[in-house]
1. Testing the spin-label approximation: label points 7 Å from Cα along Cα→Cβ at SER55 and CYS96. State their distance in nm.
2. Grab the Cα-Cα distance for HIS31 and ASP107, subtract it from 0.36 nm times how many residues apart they are, and report the gain in nm with one decimal.
3. Non-local amide H neighbours of VAL98 (under 5 Å, H modeled in plane, Pro and chain starts lacking H): which ones?
4. Given labels modelled 7 Å from the Cα in the Cβ direction, how far is it in nm from ILE141 to THR154?
5. For labels at PHE23 and SER7 in the simple 7 Å Cα→Cβ model, what's the distance in nm?
6. About the Cα centre of segment 1-148, how large is the charge dipole given +1 on each Lys and Arg Cβ and -1 on each Asp and Glu Cβ? Please answer in debye to the nearest 20.
7. Each residue of segment 52-58 in turn: what ³J(HN,Hα) in whole Hz from Karplus with 6.51, -1.76, 1.60 and θ = phi - 60°, glycine and Pro shown as x?
8. Which whole-Hz couplings ³J(HN,Hα) result when phi for each residue of segment 143-156 is put into the Karplus expression 6.51 cos²θ - 1.76 cosθ + 1.60, θ = phi - 60°, listed in order with x for Gly and Pro?
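Every read-out reported here was derived from the displayed coordinates using simple, explicitly stated rules and does not represent laboratory data. Computed from a predicted structure; not experimentally measured. For neighbour counting, all protein chains shown are included, and Cβ atoms are generated from backbone atoms with ideal geometry for every residue, glycine included.
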Amino acid sequence: MLIYLQSNSRPDITYAVSAAARFTHSPKRSHEEALKRIGRYLKGTLNEGLVLRPSETLNIDCYVDADFAGLWPHEDKSDPTCVKSRTGFAICVANCPVIWSSKLQGDIATSTMEAEYSALSSAMRELLPFRELLLSLAPSIGIETSHLSTIRTTVHEDRKIANHQERSSRKDDIISNVTNHQENDRLGRRHHLE
């Protein structure tokens, strides 16, 4: 039930529900307390909600972030899931969120840049098909074809190192086997954004 709420109507509990869901296979008393706290929060905020005020322009904005090995110093250091980074992104149309996600990354990142880059890759895998869907549905939902060229897509990423890597096109860079995969992802994303 909480997963349904967090993915459909209550994005504010996404992180708390995701953190609690990690322990469904072996719950402890502390996890029960966390679920009760989420329940109390929901009960206390029944009359609260998100106020969506769409902007006049139909732009698509994607906000991306990653938390590099965020749980490592706080949980069991021998548990491999504690060193996984967390990816979070929100895709907004006309300043209203339509897609959001917060989840652990599949692979263990070895640097902040790698975690941010993985988050950017995950967000782009959602953003590009969504953008194509919106553009194809635009005439049927009342958006004139002449306005389609004015729909602007912007990706907001907060780490300068990932942005630098994304914009870098130097041919003389030495690319290791680890970044070879990232280079292929980067070239694919640049193709869609240019």
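1. Taking the simple label geometry, SER55 and CYS96 are separated by 1.5 nm.
2. Full extension from HIS31 to ASP107 adds 24.9 nm.
3. Here the answer is ILE91, CYS92, VAL93, since their amide H atoms fall under 5 Å of that of VAL98.
4. Output for this residue pair reads 2.0 nm.
5. Distance between the two pseudo-spin positions: 2.3 nm.
6. 660
7. 9, 10, x, 7, 6, 8, 9
8. 8, 5, 4, 5, 7, 4, 6, 8, 6, 9, 10, 10, 10, 9
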